Structures are given as C-alpha cells and as structure tokens.
1. Quick one: would you say Ser243 is polar (S, T, N, Q), closer than 30 Å to Leu121 by Cβ and without any contact (Cβ under 8 Å) to a residue 60 or more places away in the chain?
2. Look at Leu165 and say whether it is within 15 Å of the chain's Cα centre (by Cα), modelled with pLDDT under 95, more than 16 Å from Val258 (Cα to Cα) and surrounded by 15 or more Cβ atoms within 10 Å (Cβ to Cβ).
3. Just name the residue that is surrounded by the fewest Cβ atoms within 10 Å (Cβ to Cβ) out of those in region 176-206 that are β-branched (Val, Ile, Thr) and in contact with a helix residue (DSSP H, G or I) (Cβ under 7 Å, 6 or more places away or on another chain).
4. Suppose the filter is buried (at least 17 other Cβ atoms within 10 Å of the Cβ), within 30 Å of Ile142 (Cβ to Cβ), touching a Ser or Thr at 6+ places or on another chain (Cβ under 7 Å) and of a type outside the set (Ser, Thr, Tyr); does Arg278 pass it?
5. In region 207-228, is there at least one residue being within 27 Å of the chain's Cα centre (by Cα), in contact (Cβ under 8 Å) with a residue 40 or more places away in the chain, surrounded by 13 or more Cβ atoms within 10 Å (Cβ to Cβ) and not in a helix (DSSP H, G or I)?
6. When you check Arg269 against the structure, is it in a helix (DSSP H, G or I), at pLDDT below 90 and in contact with a Phe, Trp or Tyr (Cβ under 6 Å, 6 or more places away or on another chain), yes or no?
7. Can you tell me which residue among Lys125, Lys154 is closer than 27 Å to Val12 by Cα and either at pLDDT below 95 or in contact with a Cys (Cβ under 6 Å, 6 or more places away or on another chain) (or both)?
8. Only one of these is among the aliphatic types (A, V, I, L, M), at pLDDT below 70, out of contact with any Lys or Arg (no Cβ under 8 Å at 6 or more places or on another chain) and surrounded by 10 or more Cβ atoms within 10 Å (Cβ to Cβ): Ala66, Ala80, Ala104. Name it.
Amino acid sequence: MAIFMDYNKYKVNCGELYDLVKNARGNVPPSDSLELKYKSLFDKKVSELTSTDNTTMLKYLSSVEAYNPNILSEDVKETARRHFAYTHYGLSNVYSYEGKDILAVQKGIICEQDGIDLLSLVEGKKYTKNEKILQNTYFKGIPDIFTKNSTKKKYTEVLDIKVCLDFNAFMGKKYSKVSPEHYWQMQGYMDIMKLDKATLVYTLPDMHPKLLNTITGNAMSKWLANGIDNSVILSRMETLRNSCIYDNISKEDRVYKVIVERNDFDIKRARQRVPVIRSYFNQLLKEYPQKIC
C-alpha cells in the first residue's frame, strides 16, 4: 500500500543528510586550468595585475603550499593496514569472499545489538537500544542510544553504534577521519536533541553464526568449483573463520569512540536545504499526480 504524505512537512532522515548537502559543500575542485592561469600571469608586472588576477595567484600558491609529499594518501594507509592485519593477526578482508556492500549492510543489521552489548561489556554499563523516532521541524532519526537528565526534559548524551564488517574495516574507521555520512548524521541528531556533541561508537563484534555459515558455504562452493586443492581450501577456510571471529583480540580493542562536535554553520546549511527538497517533492507530485496503490 502506498503511503501519502504532505511534502511541505517532509523531514530529512539524519542518515541521509550528507546526500542532501554534499553538492553544496566544497563544490569547486582544483583543475588544470588554475595552473595555466597562474603561468599566464607569472610574467606580468605587479601594476598590471587586477584584483581577480591576485585572487587567482593566491589560490594557486595556497594549493602548492598545502601539498606535502611526505603525507601518505588514505589509499596507501589503507593498504598498509591490510598488510598489518594479515601479518599481525592473520586476518584478511571478509568481503573478498562475499559481496562487500551486501555483507556490510547485513552485518550492520543483524549484529547491531551485538555491538551494543560489546560496548556495555567494555564500559561496564548496560546500554539499551532505542527504537523511538526523534524529530524536529527539519530532521528525523532513530539514534541508537541516548540519555536524559533526571527531569526527562533535556537530552544529555547520544551515541550511535556502527558495526564494522571486519578488522580491516574497523582499523579504517579508527585511523581515518569521520566519514561525511557519519558526520552529517551526528549533526542532525545534535540539532534534534539540542546537544553540543555526539559520540560515534565503532564496534567489531563477531560475525553472526547465520552470516558466517553463508560466507563459508559460498566460499567453499566457489573454491571447489574452481578445482582448488583441498589442503589449500582448509587453509583458506581457517583464515576466513579467523577473519570473522575475534577471540584473539580483546574486547577493549574492538570498540572505538569518536566525539563529533556540533557545527551550527553546517546545521544551518542543512536546514536551508530542507525546503529545497520539499519543493522538489512537490514538483514531482505535480508531474506524477496519480496515486498508485
């Protein structure tokens, strides 16, 4: 059955905030033309330069100044982390045996409570999963965990659990900046709950037995179909299981918390985009007025 709604009151889900604002954020990538413009201005006398010319030269010089060949790219660091995981723990990427995106989503859904339980064990405090939708005029969402003060009138804390697919994915979160998707999701929660900070909790619970059976079964079928020797299959299967069950890694080392600070400027920008998406929905409604049930 179709669900009909008043799009003038549409509220953006916090998990989708980045998709709403990303085209408006830093949407001026550097181009080869900037260097060409700088070179064309290089031989001019200072007195011949216009204010626009000066801006162009400053922009180019700032880009050059910001470059540091000694800083590793995120791709290089990710590769290094994969090597570390294999040499230090004998762990490989779980998604090399199964579709990465599908597995990540499945584990995130099935193992969310496991992630909360893992946090509870590490901190010695019982956390309970929130099922309630919170909302304001612009945004809505279901933060995983939150607390209120004794009067139950004001929120005091919000934590959102992120379940990592495997050890490499967990390290990727620990040693990288917060992703734009997670950053904007937390901004939405903080706006709804009137908080100055939010906590992202990256967790690495064991793979759920149901998923583990599916992964190992599919991997076994592929290896047998490709005629791989049984001794090789046994070795690969051991690596695969060790990459899904983390008995050799302490629980404390499988929880990583990141504080995200409130940014009123970004929240304002996100709010300003909500009427735009509402207007677009109404435009679509005019183009497709027929209700399909």
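The values are calculated or read from the model by the stated rules, or taken from the named source; none is laboratory data. Bear in mind that the values here come from a model prediction, so they are computed numbers and not experimental data. FYI the Cβ positions are ideal-geometry reconstructions off the backbone, even for glycines, and counts take in every protein chain you see.
1. So Ser243 does not fit the description; no.
2. Against the criterion (within 15 Å of the chain's Cα centre (by Cα), modelled with pLDDT under 95, more than 16 Å from Val258 (Cα to Cα) and surrounded by 15 or more Cβ atoms within 10 Å (Cβ to Cβ)), Leu165 qualifies.
3. Ranking the qualifying residues of region 176-206, first place goes to Val201.
4. Taking the combined requirement at face value, the residue does not satisfy it.
5. The answer is yes; a qualifying residue exists.
6. So Arg269 does not fit the description; no.
7. Going through Lys125, Lys154 in turn, just one is closer than 27 Å to Val12 by Cα and either at pLDDT below 95 or in contact with a Cys (Cβ under 6 Å, 6 or more places away or on another chain) (or both): Lys154.
8. Ala80
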